[in-house]
Protein chains: 2
Amino acid sequence: MPVDDRHRLRPGPLEPPRRLLLGPGPSNADPRVLAALARPLVGHLDPYFLALMDEIQELLRYAWQTDNPLTVPISGTGTAGMEAAIANLVEPGDGVLVAQNGYFSLRQAEMARRYGARVATVERPWGEVFELDELVAALDEHRPALLALVHAETSTGACQPLAGLAAACRERDCLLLADTVTSLGGVPLALDADGIDAAYSGTQKCLGCPPGLAPLSFGPRAVERLERRTAPVGSWYLDLSLLAGYWGGGRSYHHTAPISMNYGLREALRLVAEEGLEARWRRHRDNAERLWAGLSELGLDCWVAAEHRLPTLTTVRVPDGLDPKQVPARLLAEHDIEIGGGLGELAGKVWRIGLMGTNSRPDVVARLLAALARVL
Amino acid sequence: MPVDDRHRLRPGPLEPPRRLLLGPGPSNADPRVLAALARPLVGHLDPYFLALMDEIQELLRYAWQTDNPLTVPISGTGTAGMEAAIANLVEPGDGVLVAQNGYFSLRQAEMARRYGARVATVERPWGEVFELDELVAALDEHRPALLALVHAETSTGACQPLAGLAAACRERDCLLLADTVTSLGGVPLALDADGIDAAYSGTQKCLGCPPGLAPLSFGPRAVERLERRTAPVGSWYLDLSLLAGYWGGGRSYHHTAPISMNYGLREALRLVAEEGLEARWRRHRDNAERLWAGLSELGLDCWVAAEHRLPTLTTVRVPDGLDPKQVPARLLAEHDIEIGGGLGELAGKVWRIGLMGTNSRPDVVARLLAALARVL
């Protein structure tokens, strides 16, 4: 067979620039995590890998503060975790209530529609959070089978309080699904104590691992819903009843697990366990407060009220008269620092600054503030 | 918030054993690919990463011998590639014909059903391939909108001839979808010359990269089908019209790309381009023939007839009276060599030996044959 060489590029070696990643994610991975990625492969049914899977599951339970047996990394990015949660919990015709106050809750609603849900929403302006009362009123009005919300909204920097919500959902036979992409490993969160029935996250934020896996946890009420399904899950790749056959006891083949990414996740979770959750949450909080004080000294305002601000992701109001793209572009070009622009309704209105995982450090805050001062 | 330490494991450093991976995949990654995984992260909208995406797309076009603009790595494993192809090409009620002669065509049929297809099958015993005539007769009988088949069946070791099939599909306004998971980069294949409308693969076989990404390519007729859809794609994560907004010109955010895995894929494809496809195909063929000759000397028979045997994956008939699990278990425990057992209908009947990517080498064949001789 004659071979056509038109597309035969001959690029040079991989030489990525050294960036300080302070946008909404990915954040920089810890050097130990990057080193883990490069370890030699084993097979996905190798006894060594099966033991490593158990360790990852147990360490995820620690990070999420849950006993849920069904706690696994989905083989895709955070968005695949969101879709896995919704695809498995929603049957065609189910009522789903989405608490919509940012980009990622919009996405939850869109996914729920694709899986056949009747979607209702309760809405708040981007950057605000919901009061318990208004969520309970919406539950009573719509009587959904599932309430989906975002604990840590990466598009707005707001942290949704959860107190009292789980009890209200249970009383109404409604499951509570929380997006914890920007909170797992950085913001106080305890799935079992908070009464969250299902949650998903990503590896590239506060866990400090590259993007590519999506931790997911289903509690007993979510598993019961899964077992009672009458329609098959729309997605085969994300079907948890099949995935549980591999991650559970049977170890039956479903798909070839991404070995190297699981090496990285294990190392990232090992770092979480070494540091301890309290210390880690405190560190994220302390460095966020350093950042907020410094921003204030530069005359910059945060978008979110102080009491609902995420320590892991800060939205900064773009000062009047400034081109919103210029500051991120100059930080990248002149200082090798990435920050994010606004997304969706906040496009052009905010910058997004992440201090997550290994990047939540005083020296990182100082470097960013110094660069910002020069650029502004 | 009080933290519960019951799940706070303190595992030791990651120390995977050094395995020679000669099963159905993953195969060992080239050391250059593993080193690429450990390079520092950049953001998924960083100019450096956007240029790298273009390189990956172009190198995938070379490896697949296609001009298809829509040639991308899906952010999941090979199974996600299969689901992406089917989810985007199938609308509820569409007729899909599956040429079923192994485990992975069974899976294609199951996925097509989940996306609402009316599935018909034409069947052959596992390990055999289809004649053109019988596929054409099945096309005439069922008049499907899509014919799905497996070019390189990882469960059986058979390679499906493609000559004449594309023309027959075109005449009947039927799309041709091929699973090329175990052929891309190891077995002669040219999407455009072969007239394949859509194909998917995995990174962990002949490309010699860890598992975690699924190359996918859609030709003009598949793109036209995508554009004519009336129902939204069932999966949001795998919706190619959204993904094309990121991989195409617009670079609009869909999900956070797995940066490190794309580093690895670029390096793996760079190795393919350096070696050249003809040389790479010849190498896989030559080493397979070495293996087959050696197996024959050991008195072992191959499951598939010589003319339809894949050079990348060989199924070996388990000799009568042998415990089928014992030989793979001893090869792993005593020689650090992984080979695979049979899957589905061939469970207990065959072993599966992969010689893929960097593992397709004379010294690897010699090491395996020597170990097999000791174990048998």
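Brief remarks on what is shown
- Note: region A:60-124, Cα convex hull, 109 Å³ per residue.
- Karplus-based coupling profile of region A:49-61, in residue order and whole Hz: 6, 4, 5, 5, 4, 4, 4, 4, 4, 5, 5, 5, 4, with θ = phi - 60° in 6.51 cos²θ - 1.76 cosθ + 1.60 and x standing for Gly or Pro.
- Computed from the alpha carbon atoms alone, the convex hull of region B:272-334 holds 114 Å³ per residue.
- Label point 7 Å beyond Cα along the C-beta direction, distances from B:Leu132 to other copies (nm, shortest first): 7.3
- Among B:Asp323, B:Asp336, the order by Cβ neighbours within 10 angstrom, fewest to most, reads B:Asp323, B:Asp336.
- Annotation: Cα Rg of region B:169-220 relative to the compact-globule expectation 2.2 N^0.38 Å equals 1.21.
- P(r), alpha carbons of region A:1-128 - 10 Å bins starting at zero, rounded %: 9, 22, 28, 24, 14, 3, 0
- Taking the Kirkwood radius as Rh and the Cα radius of gyration as Rg, region A:31-100 has a ratio of Rg/Rh equal to 1.07.
- Unit Cα scatterers, Debye sum, region B:245-376: log10 I(q)/I(0) for q = 0.10, 0.11, 0.14, 0.19 Å⁻¹: -0.45, -0.52, -0.73, -1.07
- Two-decimal Rg/Rh across region B:187-253, once Rg and the Kirkwood Rh are taken from alpha-carbon atoms: 1.00
- Average 1/r across all pairs of distinct alpha carbons in chain A, invert it, and you get the Kirkwood radius: 21.5 Å.
- Antiparallel content of DSSP bridges confined to region B:63-190, in %, to 5: 10
- Point-charge dipole on Cβ atoms (K/R +1, D/E -1) for the protein assembly as shown, about Cα centre, debye to 20: 1200
- Candidates A:Gly321, A:Pro215, A:Val96 compared by Cα position along the dipole of chain A: farthest toward the positive end lies A:Gly321, with charges placed on Cβ.
- Cα-centred dipole magnitude for chain A, charges only on beta-carbon of K, R (+1) and D, E (-1), debye, nearest 20: 980
- Cleavage-rule hits, trypsin sites (Lys or Arg not before Pro), region A:110-185, DSSP coil, Cβ neighbours within 10 Å at most 13: none
- Residue-by-residue Karplus 3J(HN,Hα) for region A:65-73, coefficients 6.51, -1.76, 1.60, Hz, glycine and proline x: 6, 9, 9, 3, x, 7, 10, 9, x
- Viscosity 1.002 mPa s, 20 °C: Kirkwood-radius Stokes-Einstein D of the protein assembly as shown over Cα pairs, µm²/s: 81
- Cysteines without a disulfide-compatible partner [chain A; Cβ-Cβ under 4.7 Å]: A:Cys159, A:Cys206, A:Cys209, A:Cys302
- Our coupling estimate for region A:158-175, obtained by passing each phi through the Karplus curve with A = 6.51, B = -1.76, C = 1.60 and θ = phi - 60°, is 9, 10, 7, x, 10, 4, x, 6, 4, 4, 4, 5, 4, 4, 10, 6, 10, 7 Hz, Gly and Pro reported as x.
- Nearest-20 debye value, region B:288-376 charge dipole, Cβ charges on Lys, Arg, Asp, Glu: 100
- The protein assembly as shown: calculated mean residue ellipticity at 222 nm from DSSP helix runs of at least 4, using -39500 (n - 2.57): -12000 deg cm²/dmol
- Qualifying lysines (Cα of each under 25 Å from Cα of A:Lys205; at least 8 residues distant if same chain): A:Lys325, A:Lys349
- For B:Arg285, the label point sits 7 Å beyond Cα toward Cβ; its separations from the matching points on the remaining copies run 6.7 nm, from shortest to longest.
- Calculated P(r) tail over 20 Å for region A:218-276, as whole % of Cα pairs: 46
- Of the trypsin sites (Lys or Arg not before Pro) found in region A:206-308, the ones in coil according to DSSP and having at most 11 other Cβ atoms within 10 Å of their Cβ are A:Arg228.
- Counted over all Cα-Cα pairs of region B:113-221, pairs farther apart than 17 Å make up 55 percent.
- Trypsin sites (Lys or Arg not before Pro) lying in DSSP loop within region B:309-346, provided at most 12 other Cβ fall within 10 Å: B:Lys325
- Teacher prompt: A:Ser252 distances to equivalent labels in other copies, 7 Å Cα→Cβ, nm: 4.1
- Between the listed residues A:His142, A:Pro161, A:Leu34, the Cα displaced farthest toward the positive end of the dipole of chain A, a dipole computed from Cβ unit charges relative to the Cα centre, is found at A:Leu34.
FYI, it's all coordinate maths here, none of it is from the lab. Model, not experiment: these values are computed from the prediction. Positions of Cβ are generated from backbone atoms using ideal geometry, with glycine treated the same way; all protein chains shown enter the neighbour counts.
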